[in-house]
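One structure below.
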Amino acid sequence: VTPWRPPVDDHFQQLARAQAGARPAGLGRRLVARLIDVLLMGVLVGAAAVPLGIKAIDHVGAKIDEAKLTGETVTVWLVDGTTGTYLGIVLAVLLVLGIGYEVLPTAKWGRTAGKKLCGIKVLNIESHDTPSFGEALRRWLVTTVLGLLVLGVVNVMWCLFDRPWRQCWHDKAAGTFVAGG
């Protein structure tokens with residue numbers, strides 16, 4: 001006969017830990033995580049954008065110099081086939097890196113590198129599980145589009161006033177919240 005041993009991890013302790021992890025994360029940790037993620041994405045996208053931006057500036061400068069040589073008043077378009085192509089490449093890099101860096105890790109583990117370093121994760125507000133790929137994509141697209149439209153600050157600041165889940169607009173759009181732990 002083997003002696004009785006208490007379970008190492010009983011059901012009630014698991015539920016208590018799950019409930020504690022489902023509370024909204026602190027605003028300071030969220031801000032630091034967002035800054036880390038923005039910095040990493042900025043470096044990665046900047047690696048593609050800076051060389052293409054330099055090429056675009058040189059291209060427009062050459063067009064202006066060519067227009068000056070004509071001696072007439074000429075309209076020089078800043079966006080043409082060349083600069084438009086460069087812009088399209090930068091946007092494609094942003095899309096691919098955004099899906100690879102933010103969407104896929106959020107859908108798989110509920111966190112990006114910045115969130116992992118800060119000990120927070122994104123959860124579905126209904127199931128308290130990691131968001132689906134569609135929810136993570138929607139969350140990232142809303143964040144990115146609002147950021148490009150300069151409404152990103154209002155989006156991020158919204159969690160200061162939202163209760164009880166402290167959701168930003170991108171969280172509301174995706175049905176997610178950021179949990180501590």
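Per-structure values
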{"quantity": "Centroid-to-centroid separation of the range 33-73 and the range 116-181 [C-alpha atoms, Å]", "calculated": "31 Å"}
{"quantity": "Qualifying GluC sites (Glu not before Pro) in the range 44-138, DSSP loop, other Cβ atoms within 10 Å at most 16", "calculated": "Glu72, Glu126"}
{"quantity": "Lys, Arg +1 and Asp, Glu -1 on Cβ, resulting dipole of the chain about Cα centre, debye, nearest 20", "calculated": "820 debye"}
{"quantity": "Relative contact order [Cα under 8 Å, 6+ residues apart], the range 31-181, whole percent", "calculated": "22 percent"}
{"quantity": "Kyte-Doolittle mean at least 0.0, axial Cα span of 20 Å or more - DSSP H helices of the chain", "calculated": "27-70, 81-98, 133-148"}
{"quantity": "Where chymotrypsin sites (Phe, Trp or Tyr not before Pro) fall in DSSP loop in the range 8-111, at most 13 other Cβ within 10 Å", "calculated": "Trp77"}
{"quantity": "Ile120 long-range amide H proximity, modeled H, under 5 Å", "calculated": "Gly181"}
{"quantity": "Fraction of accessible area attributable to carbon and sulfur, the range 25-109 (%, probe 1.4 Å)", "calculated": "75 percent"}
{"quantity": "Kirkwood Rh and Cα Rg combined as Rg over Rh, evaluated for the chain", "calculated": "1.21"}
{"quantity": "Solvent-accessible surface (1.4 angstrom probe) belonging to Thr176, in square angstrom, nearest 10", "calculated": "0 Å²"}
{"quantity": "The range 122-181: relative contact order as a whole-number percent, Cα under 8 Å and 6+ apart", "calculated": "43 percent"}
{"quantity": "Mean accessible surface per residue for the range 1-114, computed with a 1.4 Å probe while every protein chain stays in place, in Å²", "calculated": "69 Å²"}
{"quantity": "Under 21 Å from the Cα of Lys63 - lysines, other chains or at least 8 residues apart", "calculated": "Lys55"}
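The values are calculated or read from the model by the stated rules, or taken from the named source; none is laboratory data. Just so you know, these numbers come straight off a predicted model, no measurement behind them. So basically every Cβ, Gly included, is an ideal-geometry build from the backbone, and we count neighbours across all protein chains shown. Just so you know, the surface numbers come from the protein's heavy atoms only, side chains and all, with ligands and any DNA or RNA stripped out. Shrake-Rupley method; radii C 1.70, N 1.55, O 1.52, S 1.80 Å.
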